[in-house]
1. Considering only residues that are surrounded by fewer than 16 Cβ atoms within 10 Å (Cβ to Cβ), modelled with pLDDT of 95 or more and within 15 Å of the ligand (Cβ to nearest atom), which ones fall in the range 90-125?
2. Filter the range 53-89 down to the residues that are surrounded by fewer than 17 Cβ atoms within 10 Å (Cβ to Cβ), in a loop (DSSP other than H, G, I, E, B) and more than 16 Å from the ligand (Cβ to nearest atom) and list them by number.
3. Any residue at all in the range 142-160 that's at positive phi and surrounded by 19 or more Cβ atoms within 10 Å (Cβ to Cβ)?
4. What is the residue count in the range 290-313 for residues that are in contact with a helix residue (DSSP H, G or I) (Cβ under 7 Å, 6 or more places away or on another chain) and either away from the ligand (no atom under 16 Å from the Cβ) or not in a loop (DSSP other than H, G, I, E, B) (or both)?
5. Of the residues 70, 57, 100, 33, which single one is in contact (Cβ under 8 Å) with a residue 60 or more places away in the chain and more than 15 Å from the chain's Cα centre (by Cα)?
6. Having 1 or more residues that are within 10 Å of the ligand (Cβ to nearest atom) and within 22 Å of residue 309 (Cβ to Cβ) is the bar; report the strands (runs of 3 or more DSSP E) wholly within the range 160-249 that clear it.
7. Among the residues of the range 183-194, is any in contact with a strand residue (DSSP E or B) (Cβ under 7 Å, 6 or more places away or on another chain) and surrounded by 23 or more Cβ atoms within 10 Å (Cβ to Cβ)?
8. Could you figure out which of (1) within 30 Å of residue 24 (Cα to Cα); (2) touching a strand residue (DSSP E or B) at 6+ places or on another chain (Cβ under 8 Å) isn't true of residue 226?
Ligand code: UDP
């Protein structure tokens, strides 16, 4: 199948591109490189462009004979979304409408959309089940929920076949060492902890130790990016015209920030200095996935999402493999 991967130069999109190529599909990466990296585009053609540019997008879809879209391109920082909602609504909401309209223009009917556990908001009942009411408490979550609703309306009106995958906390790196996380600036917990362990930063700030959780710190469901990437193959084969499907993708287990710190210290054998800081606006106390629906519909059975593999692959990426990605790019003449 010929698949357009918006945001395919980004963290999760690039892992999906690798999985797609391994299964014999052709993945065309469409990315404006605002947060993605050219070194992460290795398994198919690259088309530079912004998702807001409907005409270019439709042209790319036609030129490559695209049959389905994996739509990853988005801004994804909860904290940033609170202070720059303009960027989030334009990029995530208007940008997604542009993707959908380009699909209509190019007669492409299949789309898998990267959504988030942030759409649920702060709920007491855990784990989170897909049918629960969604009431996001941050702007990022609201933008993603809006797109979920738009997809439902486009499915009813235009008969497109959409699937929403609600990622929990993506973490880890490609076990082969070819891909990994690199955000500038980095805001995500796992890479930050490991940068502190490596001495690349003096400490990490722990955002709030007075939450109503067992040790007072936020609980999240960390899921390996390779598992997220691989499940897009199953998603593509189970799309139904006119029907919006939505699935949680998590490990099903929650860990507190303090548990993550302890695991990182154990696995790296190095101390992680911590400074207690105020709560970060928009952070719910706990987000843990119920994964039964994804297991039934997609065969979701994450292979790499145990805590040790998540931390060990991230550590290997940071300390052993990252430079190789840049070197390979330089050798093929890229920037
Ligand atoms: N966190 C933290 N310090 C940091 C970054 C994150 O204490 O420097 C906490 C954050 O409050 C949340 C968890 O770690 O409870 C995961 O945050 P991250 O930004 O990695 O992912 P998010 O949950 O926002 O998608």
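1. Scanning the range 90-125 gives no hits.
2. 53, 65
3. First, pick out the residues of the range 142-160 that are at positive phi: 159.
Then keep just the ones that are surrounded by 19 or more Cβ atoms within 10 Å (Cβ to Cβ); that gives none.
Checking the range 142-160: not a single residue is at positive phi and surrounded by 19 or more Cβ atoms within 10 Å (Cβ to Cβ).
4. The first filter runs over the range 290-313 and keeps only residues in contact with a helix residue (DSSP H, G or I) (Cβ under 7 Å, 6 or more places away or on another chain), leaving 298-305, 307-308, 310-312.
From what's left, either away from the ligand (no atom under 16 Å from the Cβ) or not in a loop (DSSP other than H, G, I, E, B) (or both): 298-304, 307-308, 310-312.
Going through the range 290-313 one residue at a time, the tally reaches 12.
5. Details: 70 fails: more than 15 Å from the chain's Cα centre (by Cα); 57 fails: in contact (Cβ under 8 Å) with a residue 60 or more places away in the chain; 33 fails: in contact (Cβ under 8 Å) with a residue 60 or more places away in the chain.
Only one candidate qualifies: 100.
6. Working: elements: 161-167, 169-171, 204-207, 222-224, 245-249.
Here the list reads 161-167, 169-171, 204-207, 222-224.
7. Yes.
8. (2)
The values are calculated or read from the model by the stated rules, or taken from the named source; none is laboratory data. Everything quoted here is computed from the prediction, not taken from an experiment. A quick note on method: Cβ atoms are made from the backbone with ideal geometry, for glycine too, and the neighbour counts reach across all protein chains shown.
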